[in-house]
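**Q** Mind having a look at this structure? Questions to follow.
The values are calculated or read from the model by the stated rules, or taken from the named source; none is laboratory data. Worth saying up front: this structure is predicted, and the values here are computed from it rather than measured. We place every Cβ from the backbone using ideal geometry, glycine too, and count neighbours over all the protein chains shown. These accessible areas exclude ligands, DNA and RNA; they are computed on the full protein's heavy atoms, side chains included. Shrake-Rupley method; radii C 1.70, N 1.55, O 1.52, S 1.80 Å.
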Amino acid sequence: MNHVAAKTAQVAPEVVLGMFLINSEPASVLFDSGAIHSFITEQFVAKHNLPMSPMKQILLISSPGKELKASQLCPRVSMNIMGVEFLANLIVLKSNGIDVILGMDWLAGCDGVIQCRKWSMLLTSPQGDKVEFVADALPKGV
């Protein structure tokens, strides 16, 4: 999760990009079926004073061009997606660009399905609520 540009992210078929509230703060969120784990930028964590916990082991993350080390986790981060609350344990990374990347660990827990043709994301909340987010084909201004 080095610098991921919104323009690059949204044109990839295995991802969907949107803006959602993360602990009541607006954030760019990328649903990425190509990512194994879920992440949040250290910059977003610091700006919004999100609580962090040390991870049991340091995690090495392969990112285009380099490897990143992660040792902190933001547990039980609240996300409001289309009016429905979801929780996520997010690994903190020193990176720029998109604030949150939700990978397969989180998507699997929400029975997440990316619908490429519709540029949409289907999710099921822990309470069983079905949610569909339809993204713009390209972010505004691109």
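**Q** Given Cα positions, please report Rg to Rh for segment 35-74, the hydrodynamic radius being the Kirkwood one.
**A** Details: Rg = 10.9 Å, Rh = 11.2 Å.
So for segment 35-74, dividing Rg by the Kirkwood Rh gives 0.97.
**Q** Leaving ligands, DNA and RNA out of it, report the carbon-plus-sulfur percent of the accessible area of segment 14-88 at a 1.4 Å probe.
**A** Accessible surface attributable to carbon and sulfur in segment 14-88 totals 54 percent.
**Q** Of PRO64, LEU107, LEU122, which is farthest towards the positive pole of segment 44-130's charge dipole, taken about the Cα centre with +1 and -1 on the beta-carbons of Lys, Arg and Asp, Glu respectively?
**A** After comparing all options, I get PRO64.
**Q** Something else about it: How high is the relative contact order of the chain, in percent, with contacts defined as C-alpha pairs under 8 Å that are six or more residues apart?
**A** On the way: 308 pairs, mean separation 42.6, N = 142.
After rounding, I find 30 percent.
**Q** Assuming 0.36 nm per residue, please report the length gained on full extension of the stretch LEU60 to PHE133 beyond their Cα-Cα distance.
**A** Length difference between fully extended and current span is 23.2 nm.
**Q** Another question, if that's okay. Sort 60-73, 81-94 for me by packing, meaning the mean count of neighbouring Cβ atoms within 10 Å per residue, highest on top.
**A** Working: 60-73: 12.6, 81-94: 18.3.
Peptide ranking by packing, descending: 81-94, 60-73.
**Q** Dipole of the chain, Cα-centred, from +1 at each Lys and Arg C-beta and -1 at each Asp and Glu C-beta, to the nearest 20 debye?
**A** So the magnitude is around 280 debye.
**Q** Now for a different question. Hey, what do the phi angles of segment 15-30 turn into as Karplus ³J(HN,Hα) couplings, whole Hz, using 6.51/-1.76/1.60 and θ = phi - 60°, x for Gly and Pro?
**A** 9, 9, 10, x, 10, 9, 8, 10, 6, 6, 10, x, 8, 7, 10, 10
**Q** Which net charge results when you count Lys and Arg as +1 and Asp and Glu as -1 among the other residues whose beta-carbon is under 15 Å from that of SER63?
**A** Taking every other residue near SER63 into account, the sum is 0.
**Q** Another one. I need the phi-derived Karplus couplings for segment 86-101: 6.51 cos²θ - 1.76 cosθ + 1.60, θ = phi - 60°, integer Hz, Gly and Pro marked x.
**A** Working through the residues one at a time gives 10, 10, 8, 9, 10, 7, 8, 10, 7, 7, 10, x, 5, 5, 9, 10 Hz.
**Q** Taking the DSSP beta bridges in the chain as the whole, what percent of them are antiparallel, to the nearest 5? Present the calculation step by step, with values, prior to reporting the outcome.
**A** Values: 34 of 41 bridges.
About 85 percent, rounded to the nearest 5.
**Q** Also, I was wondering about something else. For the pair VAL113 and LYS94, how long in nm is the line joining their label points, each one 7 Å along Cα→Cβ?
**A** Calculated label separation equals 4.1 nm.
**Q** Go ahead and estimate [θ] at 222 nm for the chain from helices alone: -39,500 (n - 2.57) per DSSP H run with n ≥ 4, summed, over the residue count, rounded to 500.
**A** -3000 deg cm²/dmol
**Q** If we sort 21-34, 95-108 on the protection proxy, mean other Cβ atoms within 10 Å, highest first, what's the order?
**A** Averaged packing, sorted descending, gives the order 95-108, 21-34.
**Q** Something else: Quick one: how many Å² of VAL131 are accessible to a 1.4 Å probe, rounded to 10?
**A** 10
**Q** Let me ask something else about it. Starting from the Cα gyration tensor of segment 54-142, take the square roots of the eigenvalues, sort them a ≥ b ≥ c, and report rounded, prolate or oblate (rounded when a/c is under 1.5, otherwise prolate if a/b is larger than b/c, else oblate).
**A** oblate
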